[in-house]
Structure formats: structure tokens, C-alpha cells
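Bear in mind that the values in this text are calculations on the coordinates, not laboratory data. Since we're looking at a predicted model, the values are computed, not measured. Every residue, glycine as well, gets a Cβ built from its backbone with ideal geometry; the counts of neighbours run over all protein chains shown.
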Amino acid sequence: MRQADWYIDYVSPFPWIALSRFDRLPPDVTVRPVPIVFSATLKHWGHKGPAEIEEKRIQTFRMAQWTANQRGLPFRIPAVHPFSSIALSRMTIACGSTLETVRIIAAHVWGEGNAGDTPDSLAALAEKLTLPDWQARITDPAIKDTLRANTDAAIARGVYGVPTFDLGGELFWGDDTLPMMLDFLENPALFAGEG
């Protein structure tokens, strides 16, 4: 089995969109979701996020909506964006960071358009996740430490955007790099001649 670490933050709509093509991954590839704090990567690399540049924000959401439509995927932008996605990432960790957890959370926010950080929306999401003690869990120091460690590891690895796959030390950023990643999985020497 080959493992792909998948760095995600729910402030981006693209983890939700990318999930729709995971059926194209070879059966021997296991995806390990790794929730991170995207804003920390932006700060580290000295970048602005798409939501911080109005024209880029418009283009990003236009692309997300178009791609979702092309794939027959439900897509609704939450009323407030950007939002703090830290509680969502901590919920993911509290639930074991599984792909099913990511699907439920991403669908709640980007498939249904629910808020990413309000108490009512988080409580409704916790019911979907069967996480009754969600408030205590997301403030647990061990959960906080895991999210911090995930983010530090992502930055150390060179991650600058979400979602990003790390496959055998090669990074593939964005939903649109999946075809290139599939080629790399077939031919691990794909980038050998670069220099």
C-alpha cells in the first residue's frame, strides 16, 4: 500500500470538490487526511489568501462553482467567508481524521452552505458526526496540539496551499493536479529529469 498525506483546511471549497474524484485513485493508495491551519501557511510564506484579494476571491468561487456543476456536485457558498475553520479541523481530529469525517464536514459547509464556525452550525454538524461532547473535544489540549503539529509538519514539508497531497515526498497542490499525480503514481520517475 502507498500512503498519500492530504493536507486540508475547510476554509477552502476545494477539499469538498476534490473528494468527488477520489474514485480515480489506484486501489493501493491510502489517503490520510491531515487537517492544518491554512492561515498559518499563508503567514509563514508571506502570502495572501484568495479571500483577501477581491478579484481572486471572485475567480476562486467562480471556478469552484463551475467545477462542482461540471461534476454534478452540490455546492453552496456559506453566507460568511472567510470563517474560522479551526473548530472544524479539531472536530476532524477528534473523529480520527478519516475520509468519511472529511466528507461529512465538507458536505455540511460546502455542499449545504452551512456556517463554518457558528455554535448552532457546529452543534448540528456534531450530531451528524455523532460527536456529542464536541465542545470539550475541540478544546482538549491534545487535539489542539495535534492541529498545531500537523500545521508545523505541513510547513516544514513545503505546503503552501490546500488541498495538497504529499505522495512519497512529492507535493501536488489543488484539485486540478490530480491528473498529474495519477501520472506520477504510474511513473514515479516522472520528475527525475528536472533540475
For the range 37-130, diffusion coefficient by Stokes-Einstein and Kirkwood Rh (Cα), 25 °C, 0.890 mPa s, µm²/s: 171
Calculated FRET value between ALA192 and VAL29, using beta carbons and R₀ = 30 Å, to 0.05: 0.90
Projected-area average for the range 155-195 over all orientations - Cα convex hull basis, square nanometres: 3.2
Sum of side-chain charges, PRO163 neighbourhood, beta-carbon under 12 Å (Lys, Arg +1; Asp, Glu -1): -4
For the range 2-186, alpha-carbon Rg and Dmax in angstrom: 15.6, 45
Residue among ALA79, ALA123, ALA64 with the largest mean-square fluctuation in a Gaussian network model of the chain, springs linking Cα atoms under 10 Å: ALA79
Over the range 2-186, relative contact order from alpha-carbon pairs under 8 Å, at least 6 apart, %: 33
Residue among GLY161, GLY116, GLY46 with the largest mean-square fluctuation in a Gaussian network model of the chain, springs linking Cα atoms under 10 Å: GLY46
Label-point separation in nm, LEU99 to THR139, each point 7 Å along Cα→Cβ: 3.5
Choice from THR41, THR92, THR60 with maximal GNM fluctuation in the chain (Cα, 10 Å cutoff): THR60
